[in-house]
1. Search region 146-159 for residues that are within 17 Å of GLU474 (Cβ to Cβ) and at pLDDT 80 or above and pair each with any residue that is hydroxyl-bearing (Ser, Thr, Tyr) and crowded, with 18+ Cβ neighbours inside 10 Å when their beta-carbon atoms are under 6 Å apart and the residues are at least 6 apart or on different chains.
2. In the same structural domain as ARG151 (by TED's automatic domain parsing), on the phi < 0 side of the Ramachandran plot and in a loop (DSSP other than H, G, I, E, B): does that describe GLY49?
3. Condition first: under 12 Å from PHE132 (Cβ atoms) and either of a type in the set (Asp, Glu) or in contact with an Asp or Glu (Cβ under 9 Å, 6 or more places away or on another chain) (or both). Now tell me which residues in region 73-85 satisfy that.
4. If you go through region 298-311 one residue at a time, do you hit one that is charged (D, E, K, R) and at pLDDT 90 or above?
5. Cβ-Cβ distance below 7 Å, separation of 6 or more or different chains: which pairs start in region 412-439 with a residue that is acidic (Asp, Glu) and end on one that is modelled with pLDDT under 95?
6. Considering region 84-125 alone, what residues qualify as being farther than 23 Å from THR71 by Cα, part of a helix (DSSP H, G or I) and not basic (Lys, Arg)?
7. Among residues belonging to region 351-377 that are small (Gly, Ala, Ser) and closer than 16 Å to VAL324 by Cα, point out the one that is modelled with the lowest pLDDT.
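The values are calculated or read from the model by the stated rules, or taken from the named source; none is laboratory data. Since we're looking at a predicted model, the values are computed, not measured. Cβ: placed from backbone, ideal geometry, glycine included. Neighbour counts: every protein chain shown.
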Amino acid sequence: MTTPNTGTLFGHPKGLFLLFGTEMWERFGYYGMRALLVLYLVASVQDGGFGWTTGDALGLYGSFTMAVYLTPMIGGWLADNYIGQRKAIIYGGIIFSLGYFTLGIPKSMIVGMEETVFYIGLGLIVIGNGLFKANVSSLVGELYEDGDHRRDGAFTIFYMGINLGAFMSPLIVGYLGEEVNWHYGFIAAGCGMIIGLILQLTLANKYLGEIGVVPSAKKITAAKEDLKARALTKEEKDRTKVILIMSVFSVIFWAGFEQAGGLFNIYASQFTDRNIMGFEVPATWFQSLNAMFIIMLAPVIASVWIKMGSKEPTSPVKFALAMVFLALGFFVMVWATMVQGGDVTVKVSMLFLVFAYLFHTLGELCLSPIGLSLVSKLAPVKFTSLLMGAWFFFTALSNKLAAFIGQFVGEGEEQVANAGTIFMSVGSAALVTALIIFLSANKLVEWMHGAEGDHTTNLEEKLEEEISVTGTHEGVAETRS
């Protein structure tokens with residue numbers, strides 16, 4: 001498939017920046033809506049919310065985010081086998097938009113049907129996400145011929161689009177939702193998705209040509225079919241074990257990390273002093289910190305790995321470091337609850353949350369070689385889809401587990417004490433996991449049979465690896481050939 005000859009921008013096909021914009025605006029909508037969701041559910045009816053308990057709100061949040069990570073498997077399968085990536089993106093964008101605008105319908109217009117309409121909106125978002133999420137990234141790789149040195153830099157740019165959207169959305173969508181009207185926030189999220197959809201409808205034919213039109217399953221080569229037919233070798237079995245082991249351990253990391261949209265969000269709203277010279281910082285704004293820190297720190301971390309050269313930690317050791325940083329973030333929050341002393345009327349400094357997000361982002365950046373990139377490097381051809389599905393499943397499970405853990409915070413006077421217990425428990429579990437992984441690192445590297453150890457000395461490639469953590473987290477890393 002050849003790229004349309006429409007010239008380049010900063011040395012890359014212009015189609016890359018179309019995909020950058022499409023993904024940025026789609027993530028703008030999603031992360032903005034996600035930042036509002038729990039706060040909207042627990043807000044009192046008088047304040048325009050549903051007045052749910054914290055436990056009920058986190059339970060629904062967990063089920064919703066779990067579905068968000070499961071449906072891309074179905075959407076990817078439909079795109080690969082029937083409709084192609086381009087149609088999947090368009091259909092997904094339309095359904096996405098309908099979901100956001102459904103949430104944006106004022107309650108006064110749907111009296112007696114508020115919760116029904118709300119669930120319909122969430123359902124549409126889940127379906128739209130399934131069609132959209134995994135398919136935009138798959139088009140990035142198709143813009144370049146095999147061996148094109150620009151490919152790594154292209155994904156660096158693309159993942160920056162995700163982070164830019166994730167950074168902007170809580171600031172804009174969150175502010176409108178919290179400070180003006182919840183429904184305005186959801187409508188703003190829908191408008192972001194509409195912008196991304198318009199970009200695709202008006203510019204895709206010009207800048208992408210036929211890329212993504214034909215379902216990729218129709219392009220499978222005979223050589224791949226032969227590989228799928230043969231039995232697994234011992235090497236492939238060992239590599240499969242590594243994927244499954246790391247997938248299971250990843251649940252612990254993401255179950256802690258995903259407290260951002262749940263328990264951390266509640267803590268920011270109810271127990272944090274957000275006043276700066278008379279201006280109250282919206283609680284949703286804290287969810288921009290992760291994306292901001294990735295943009296700021298990814299080049300720094302990439303440079304550190306480069307300078308370490310042959311001493312750069314292996315992927316399992318980096319995973320262990322990620323768990324240590326996760327634990328540090330939760331221990332910062334334990335400190336915050338100690339400052340409160342069990343008093344729900346005491347509000348703590350915003351710096352506690354800022355440093356918690358900083359440590360968690362450092363952990364996420366250490367996790368960058370793990371995940372879908374691991375699956376793509378280690379999975380036997382005949383089981384690539386199955387193991388990719390396993391990674392999606394464990395990521396989805398971690399989101400549900402995150403909500404389950406958060407639900408133990410309870411209500412009223414017990415919340416501060418319970419939050420401290422949760423933070424300490426998750427932090428301790430992360431440290432134990434880090435120790436287990438560290439002690440197992442050499443054996444895991446051995447089972448990788450050479451797939452680990454080729455440490456790049458190219459800063460551009462290393463930067464792409466670090467920023468791709470966003471794709472690893474979201475399950476959208478480009479893995480198709």
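1. That search, which allows pairs on different chains as well, returns TYR159/SER468; TYR159/THR470.
2. On the way: in the same structural domain as ARG151 (by TED's automatic domain parsing): yes; on the phi < 0 side of the Ramachandran plot: yes; in a loop (DSSP other than H, G, I, E, B): yes.
Judged against the criteria, GLY49 is a match.
3. The one that is under 12 Å from PHE132 (Cβ atoms) and either of a type in the set (Asp, Glu) or in contact with an Asp or Glu (Cβ under 9 Å, 6 or more places away or on another chain) (or both): GLN85.
4. No, because not a single residue in region 298-311 is charged (D, E, K, R) and at pLDDT 90 or above.
5. GLU413/VAL344
6. Those that are farther than 23 Å from THR71 by Cα, part of a helix (DSSP H, G or I) and not basic (Lys, Arg): SER108, MET109, GLU114.
7. Applying the first criterion (small (Gly, Ala, Ser)) to region 351-377 yields 356, 363, 368, 371, 373, 376.
Keeping just the survivors that are closer than 16 Å to VAL324 by Cα gives 356, 363, 368.
Details: ALA356: 98, GLY363: 94, SER368: 66.
Per the stated criteria, the residue is SER368.
Per-residue answers, yes or no, for (1) aliphatic (A, V, I, L, M); (2) surrounded by fewer than 19 Cβ atoms within 10 Å (Cβ to Cβ):
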{"position": "GLY55", "(1), (2)": "no, yes"}
{"position": "THR71", "(1), (2)": "no, no"}
{"position": "GLY76", "(1), (2)": "no, no"}
{"position": "ASP80", "(1), (2)": "no, no"}
{"position": "ALA88", "(1), (2)": "yes, no"}
{"position": "GLY93", "(1), (2)": "no, no"}
{"position": "PHE101", "(1), (2)": "no, no"}
{"position": "LYS107", "(1), (2)": "no, yes"}
{"position": "GLU115", "(1), (2)": "no, yes"}
